[in-house]
Structures are given as C-alpha cells and as structure tokens.
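Reading through the structure tokens given below for one structure.
The values are calculated or read from the model by the stated rules, or taken from the named source; none is laboratory data. Everything numeric here is computed off the predicted structure, so don't read it as measured data. In this analysis, Cβ positions are derived from the backbone assuming ideal geometry, glycine residues included, and neighbour counts consider all displayed protein chains.
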Amino acid sequence: METILNDTKQVFKEKGTCSRTFFYLLNRHFGHLSEAEERAADPLAGGVMQKGQQCGMLWGAALAVGAEARRRADGSGRATALAITATRHIMQSFTERTSTASCREITGTDFSSKFQMWRYMLFRTHRCFNLAEKWGPEAIQAAKEGLEQEGLPEKALSCASETALKMGASEKEAAMVAGFAGGLGLSGHGCGALAAAIWIKSLAWARENPGQMAFTNPEAEAVLKAFTEAIGRNCAATKYADGNLIQWRNTRRL
C-alpha cells in the first residue's frame, strides 16, 4: 500500500461530521476539492440525519468516488457502474474493519434519545475518531481499487442519480450520488434515493449559506419528513415497482 497522508482526526475535528470528513479526504487524495458539495454532506452523518443507518463515513466516501468515477469513465452509464462498484469496495473494506455498516451499532447510540446523545458526546465520540483514523487509509485504498475495475457495463442506472436528476441536479451532481444506489453499493440498507435527495437539497442550501454548517439545515429535515410520510422503509424493504418512490420523488415538497 502506498503511503497515504493520515491526518484524519485533525480533519474530522475541523470539518465536524464524519460524512463531510471522508468526502473531503478522498477528494483531496484525487486532487479535486469541492467545498460546498462537501459541506452539503453534513446531514448524512449519524447514519443519515442521525437515524443510525449506514455510517456517514460511507456516504461521504461514496460521494467522492462518484465524482471520481465521472472523471474517469466515458458516458454516464459506465460512470454509474464504476461508482457503484467502487462503493461496494468501500463497503467491503469498512465492514471488514467494523463487522457492520450501522452507525447505531458502531456508536452504541440512538441519537433520537437526548440522554444517549449527551452520553455519546461526553463518552463515546472517541469511537468515531479512532475508527476514522484507522479506516482512513483503507478507505482511500479501497476507493482506488474499486475505481480501477474494468469490464463494467456501458449502461447502468442508479435510483439515487435518477432522483437527483428529477430534482434538477446537474449530470455531475447525479454522478456523485450514483454509488448510493440500492442502499449504498446495492447493500440494501438506508435508501440511496433518500440520501441523494437530502444531499441535493442541502447542496442548494449550502450554496445559499456559505460558510455555515449544513448539519441541521431545514431543507434536509423537510426531505426526510416527506420520505417518512410516503414510504418510511429502508431500501431492502421498499418495493420500487409499486410506484411509491416515484410518487415521493415527484412531490412538490422536494
């Protein structure tokens, strides 16, 4: 493994959220920083709006490999396939390190409980800082390996990218969220389309509010509320054929 700069703990303290930290770390490695896009990843921390699903480190890393996949691949279909493949590599690397992708299991915290939130802030934040430091170089290596895969299909679709495009995102932004497909690299956990919608709305908010942390921006809260009312299930439990996701995606609230 090549030598990889590992100042992860310091970056984590500066950025404030695990999702933004890993988006930044991988972007930095690939030589393409994007401040507003990285800041918009804040609400994906804590397992997407602190709901305890996949760790925010994974969502942030997936955004970075999506961006890099678009730069490397010819055509949106192949870029999507490459982003999903690279995200799967990242997921595998992470679960080999932790045995789970679940934020709630890693932190031992239900962030909806004020007591558990304070307990985490006082006694358990070191778990995330230590994990980030250990996994940081491994995440970069896994991303590189995933992005070097060949023989991928020329045509691939991502529910997350399609959601983003329906919301008015650019082709570049849609590519960034491509790896969210199927609950992050087709893993079937927290819904990738939901995470994509939260990020797209947060990105617009971040651009309108430069320098402000996007962690609890009202746009992200509104998206989560709309999704919960319309579907309220994770990716594995959602039946996309019934049209619920399409109906939610097209709602005026988004």
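Just to be sure, is residue 9 assigned to a helix (DSSP H, G or I), surrounded by fewer than 24 Cβ atoms within 10 Å (Cβ to Cβ), of a type outside the set (Asp, Glu) and touching a residue at least 12 places away in the same chain (Cβ under 8 Å)?
yes
Conditions (1) under 16 Å from residue 196 (Cβ atoms); (2) modelled with pLDDT under 95; (3) touching a strand residue (DSSP E or B) at 6+ places or on another chain (Cβ under 9 Å), marked per residue:
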{"site": "18", "(1), (2), (3)": "no, no, no"}
{"site": "27", "(1), (2), (3)": "no, no, no"}
{"site": "30", "(1), (2), (3)": "no, no, no"}
{"site": "42", "(1), (2), (3)": "yes, no, no"}
{"site": "50", "(1), (2), (3)": "no, yes, no"}
{"site": "57", "(1), (2), (3)": "no, no, no"}
{"site": "63", "(1), (2), (3)": "yes, no, no"}
{"site": "66", "(1), (2), (3)": "yes, no, no"}
{"site": "85", "(1), (2), (3)": "no, no, no"}
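For residues that are modelled with pLDDT under 95 and crowded, with 16+ Cβ neighbours inside 10 Å, scanning just the stretch 138-157, find the one that is farthest from residue 202 (Cα to Cα).
152
May I ask you to say which residue of 229, 221 is charged (D, E, K, R), modelled with pLDDT of 90 or more and either farther than 20 Å from residue 103 by Cβ or not in a loop (DSSP other than H, G, I, E, B) (or both)? Write out each step before concluding.
On the way: 229 fails: modelled with pLDDT of 90 or more.
Of the residues listed, the single one that is charged (D, E, K, R), modelled with pLDDT of 90 or more and either farther than 20 Å from residue 103 by Cβ or not in a loop (DSSP other than H, G, I, E, B) (or both) is 221.
For residue 187, which of the numbered conditions (1) in a helix (DSSP H, G or I); (2) closer than 19 Å to residue 97 by Cβ fails to hold?
Exception for residue 187: condition (1).
Could you check the stretch 105-129 and list, in sequence order, the residues that are within 19 Å of residue 10 (Cα to Cα) and either touching a residue at least 24 places away in the same chain (Cβ under 8 Å) or part of a loop (DSSP other than H, G, I, E, B) (or both)?
128, 129 - these are the residues of the stretch 105-129 that are within 19 Å of residue 10 (Cα to Cα) and either touching a residue at least 24 places away in the same chain (Cβ under 8 Å) or part of a loop (DSSP other than H, G, I, E, B) (or both).
Could you list all residues from the stretch 28-62 that are among the aliphatic types (A, V, I, L, M) and either in a helix (DSSP H, G or I) or farther than 20 Å from residue 213 by Cβ (or both)?
Correct list: 36, 44, 57, 58, 61, 62.
Can you tell which of 62, 143, 73, 45 is over 26 Å from residue 156 (Cβ atoms) and of a type in the set (A, V, I, L, M, F, W, C)?
45
Can you tell me which residue within the stretch 87-102, out of those that are under 13 Å from the mean Cα position of the chain (by Cα) and part of a helix (DSSP H, G or I), is surrounded by the most Cβ atoms within 10 Å (Cβ to Cβ)?
Once the filter is applied, the top-ranked residue is 87.
In the stretch 190-218, what residues are small (Gly, Ala, Ser), outside any loop (DSSP other than H, G, I, E, B) and either over 18 Å from residue 16 (Cβ atoms) or modelled with pLDDT under 95 (or both)?
Once the filter is applied, which keeps residues that are small (Gly, Ala, Ser), outside any loop (DSSP other than H, G, I, E, B) and either over 18 Å from residue 16 (Cβ atoms) or modelled with pLDDT under 95 (or both), the stretch 190-218 yields 192, 193, 195, 196, 197, 204.
Which one of the conditions (1) out of contact with any Leu (no Cβ under 9 Å at 6 or more places or on another chain); (2) assigned to a helix (DSSP H, G or I); (3) among the polar types (S, T, N, Q); (4) closer than 25 Å to residue 204 by Cβ does residue 19 fail to meet, given that it meets all the rest?
(1)
Of the residues 145, 154, 133, which is touching a residue at least 40 places away in the same chain (Cβ under 8 Å), over 27 Å from residue 198 (Cα atoms) and part of a helix (DSSP H, G or I)?
145
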